[in-house]
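What follows is a set of notes on a single structure, which appears directly below.
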Amino acid sequence: MRVVIQENYENMCKWAADYIAAKINNHKEDRPFVLGLPTGSSPIGVYKELIKKNQAGELSFQNVVTFNMDEYLGLPREHDQSYWYFMHENFFNHIEIPAENINILNGMAEDPVAECARYEEKIASYGGIDLFMGGIGVDGHLAFNEPYTSLKSRTGLRDLTTDTRIVNSRFFDNDPEKVPAQALSVGIGTVMDSKEVLVLINGHNKARALAATVEGGVSQKWTCSALQMHNGAIIACDEAACGELMVDTYKYFLDIEKKERL
Ligand code: GLP
């Protein structure tokens, strides 16, 4: 696992956007570059940087196919808290990307289980995901894979924990009851099958989750810890999130990254 520690949120986002842009630009195969994407406040700065690069003509999304991590069950696209709406507001409406290259789970599907199976098949039809960018919740959930979700899980329906509904209620008039109780989400197994995974972890409130991701044992209690078993996992974080890391761990990763740049 690589842990890239940046001074602040802004630098973390710049680093992540540069990394993603380089991967897309260096992709020389005929098939499209397949990019997994998250919602949440963590990736917003990365989206801003990617938009700038696209508008400056430094990065093209013409040969990029995207798959989003998750979607609330029962929210239509037009709902301002649907992840479809979030992605268009914060990213897709500002870049040039063919609409047919965008994939987001349909939270209004008549048969959500079939919708999740279709999603897995579609990912497979492109030969899998090249790079999955993610964020995590304060309880370490990756996509909507809450604590105790199987580390081998595939795309499916998830029950949201009370904790997550309370945290996400900030977008629903501060009323946890208004937060949908279920969501459609890629599985930990789906994320683990990606060639690379880049997870953004920033802010004091993610310090415990960062320590669990990097230093804790691999456990279904912290689904993000599965990344320790991935060969191409990168955590991009800011100083504020490092508060619960051991001093040795913190120094080790700073040191290693310095060497990688030499
Ligand atoms: C939601 C999403 C996750 C996201 C998490 C953290 O629960 N389903 O995919 O990673 O929120 O969000 P934030 O980045 O706002 O802390």
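The values are calculated or read from the model by the stated rules, or taken from the named source; none is laboratory data. In this text, all values refer to a predicted model and were calculated from it rather than measured experimentally. Here the Cβ is made from the backbone with ideal geometry for all residues, glycine too, and neighbour counts use every protein chain on show. Just so you know, the surface numbers come from the protein's heavy atoms only, side chains and all, with ligands and any DNA or RNA stripped out. Shrake-Rupley method; radii C 1.70, N 1.55, O 1.52, S 1.80 Å.
Based on the Cβ-Cβ distance from A99 to Q228, what FRET efficiency comes out when R0 is 45 Å, to the nearest 0.05?
For A99 and Q228, the calculated efficiency is 0.75.
On a C-alpha basis, how far is the centre of the range 28-46 from the centre of the range 74-113 in Å? Whole number, if you could?
Answer, in whole Å: 14.
Going by amide H atoms built from the backbone, whose H comes under 5 Å of the H on V3, apart from near neighbours?
HN-HN under 5 Å from V3: I235.
Considering only protein heavy atoms, what per residue accessible area in square angstrom results for the chain with a 1.4 angstrom probe? Let's see the in-between values first.
Values: 12090 Å² over 262 residues.
Heavy-atom SASA per residue in the chain reads 46 Å².
Using helices alone, what [θ] at 222 nm do you get for the chain, with -39,500 (n - 2.57) per DSSP H run of 4 or more residues, divided over all residues and rounded to the nearest 500?
Numbers: 8 runs with 86 residues, N = 262.
So the calculated ellipticity at 222 nm is -10000 deg cm²/dmol.
Need one word for the range 117-262: rounded, prolate or oblate. Basis is the Cα gyration tensor (sqrt eigenvalues a ≥ b ≥ c); a/c below 1.5 gives rounded, then a/b vs b/c decides.
Working: a/c = 2.09, a/b = 1.21, b/c = 1.72.
Oblate shape, in that a/c is at least 1.5 and b/c is the bigger or equal ratio.
Assign unit charges at the C-beta atoms only (+1 for Lys and Arg, -1 for Asp and Glu), then state the dipole size of the chain relative to its Cα centre in Debye, rounded to the nearest 20.
Working: 25 positive and 37 negative charges, 119 e Å.
With only Lys, Arg, Asp and Glu charged at Cβ, the dipole is about 580 debye.
Over the range 50-90, what percent of the accessible surface lies on carbon and sulfur atoms, probe 1.4 Å? Working shown, then result.
On the way: 840 of 1860 Å².
Of all accessible area on the range 50-90, carbon and sulfur atoms account for 45 percent.
Given R₀ = 22 Å, what would the calculated FRET efficiency be for N26 paired with K195, taking r from the Cβ atoms and rounding to 0.05?
Numbers: r = 13 Å, r/R0 = 0.59.
Plugging the Cβ-Cβ distance into 1/(1 + (r/R0)^6) gives 0.95.
Over 18 Å between Cα atoms, which of K28/K48; K14/K52; K152/K206; K48/K195 qualify? Write out the running numbers ahead of the final one.
On the way: K28/K48 25 Å; K14/K52 11 Å; K152/K206 24 Å; K48/K195 24 Å.
The answer is K28/K48; K152/K206; K48/K195.
Quick one: dipole size for the range 109-252, taken about the Cα centre, charges +1 on Lys/Arg Cβ and -1 on Asp/Glu Cβ, in debye to the nearest 20.
Values: 13 positive and 20 negative charges, 43 e Å.
That gives the range 109-252 a dipole magnitude of about 200 debye.
Please give the per residue volume of the convex hull enclosing the alpha carbon atoms of the range 1-140, rounded to a whole number of Å³. Before the final figure, lay out the partial values.
On the way: hull volume 18.7 nm³, N = 140.
That works out to 133 Å³ per residue.
Once phi is turned into ³J(HN,Hα) by the Karplus curve 6.51 cos²θ - 1.76 cosθ + 1.60 with θ = phi - 60°, what whole-Hz value does each residue of the range 16-28 show in order, with x for glycine and proline?
5, 5, 4, 5, 5, 4, 5, 4, 5, 5, 8, 7, 9
For the range 70-179, rounded, prolate or oblate, judged on the Cα gyration tensor with a ≥ b ≥ c (square roots of eigenvalues), a/c < 1.5 rounded, else prolate if a/b > b/c? Write out the running numbers ahead of the final one.
Numbers: a/c = 1.58, a/b = 1.20, b/c = 1.32.
It is oblate, given that a/c is not under 1.5 and a/b is not larger than b/c.
Can you list which of the chymotrypsin sites (Phe, Trp or Tyr not before Pro) found in the range 68-149 are DSSP loop residues with at most 13 other C-beta atoms within 10 Å? Working shown, then result.
Numbers: sites: Y72, Y83, W84, Y85, F86, F91, F92, Y119, Y126, F132, F144, Y148; in loops: F91, Y126, F144, Y148.
Answer by residue number: Y148.
Hey, what do the phi angles of the range 65-77 turn into as Karplus ³J(HN,Hα) couplings, whole Hz, using 6.51/-1.76/1.60 and θ = phi - 60°, x for Gly and Pro?
10, 10, 10, 7, 5, 7, 7, 5, 6, x, 9, x, 3
Tell me which residues come under 5 Å, amide H to amide H, from M133 once H is placed; ignore anything under 5 positions away on its chain.
It is G36, L37, L198, by chain and number.
Give a quick list of trypsin sites (Lys or Arg not before Pro) in the range 1-91 that DSSP marks as loop, anything other than H, G, I, E or B, with at most 11 other Cβ atoms within 10 Å.
On the way: sites: R2, K14, K23, K28, K48, K52, K53, R77; in loops: K28, R77.
In loop regions of the range 1-91 (DSSP not H, G, I, E or B), the sparsely surrounded trypsin sites (Lys or Arg not before Pro) are K28.
Under 20 °C and 1.002 mPa s, how fast does the range 1-46 diffuse according to Stokes-Einstein, given a Kirkwood radius computed over C-alpha pairs? Answer in µm²/s, whole number. Kindly include the intermediate steps, with their values, before the conclusion.
Details: Rh = 12.1 Å.
In µm²/s, the coefficient rounds to 176.
Which value, in Å² and to the nearest 10, is the accessible area of I5 when all protein chains are kept and the probe is 1.4 Å?
Surface open to solvent at I5 totals about 20 Å².
If you place +1 on the Cβ of every Lys and Arg, -1 on the Cβ of every Asp and Glu, and leave all else neutral, what size is the dipole of the range 61-128 about its Cα centre, to the nearest 20 Debye? Show your work: numbers first, answer last.
Numbers: 3 positive and 12 negative charges, 35 e Å.
Roughly 160 debye, rounded to the nearest 20.
Let me know the volume per residue of the alpha-carbon convex hull for the chain, in Å³. Intermediate values should be presented prior to the final figure.
Details: hull volume 32.2 nm³, N = 262.
Roughly 123 Å³ of hull volume per residue.
Could you tell me which of rounded, prolate or oblate describes the range 75-140, using a ≥ b ≥ c as the square roots of the eigenvalues of the alpha-carbon gyration tensor, with rounded for a/c under 1.5 and, failing that, prolate when a/b is larger than b/c and oblate otherwise? Display every interim value, and only then the final one.
Numbers: a/c = 1.19, a/b = 1.10, b/c = 1.08.
Since a/c stays below 1.5, the shape of the range 75-140 is classed as rounded.
With all protein chains present, calculate the accessible area of H230 using a 1.4 Å probe and round the result to the nearest 10 Å².
20
Report in % the part of the accessible area of the range 148-250 that belongs to carbon and sulfur, leaving out ligands and nucleic acids; probe 1.4 Å.
On the way: 2350 of 4710 Å².
Whole-percent figure for carbon plus sulfur exposure: 50.
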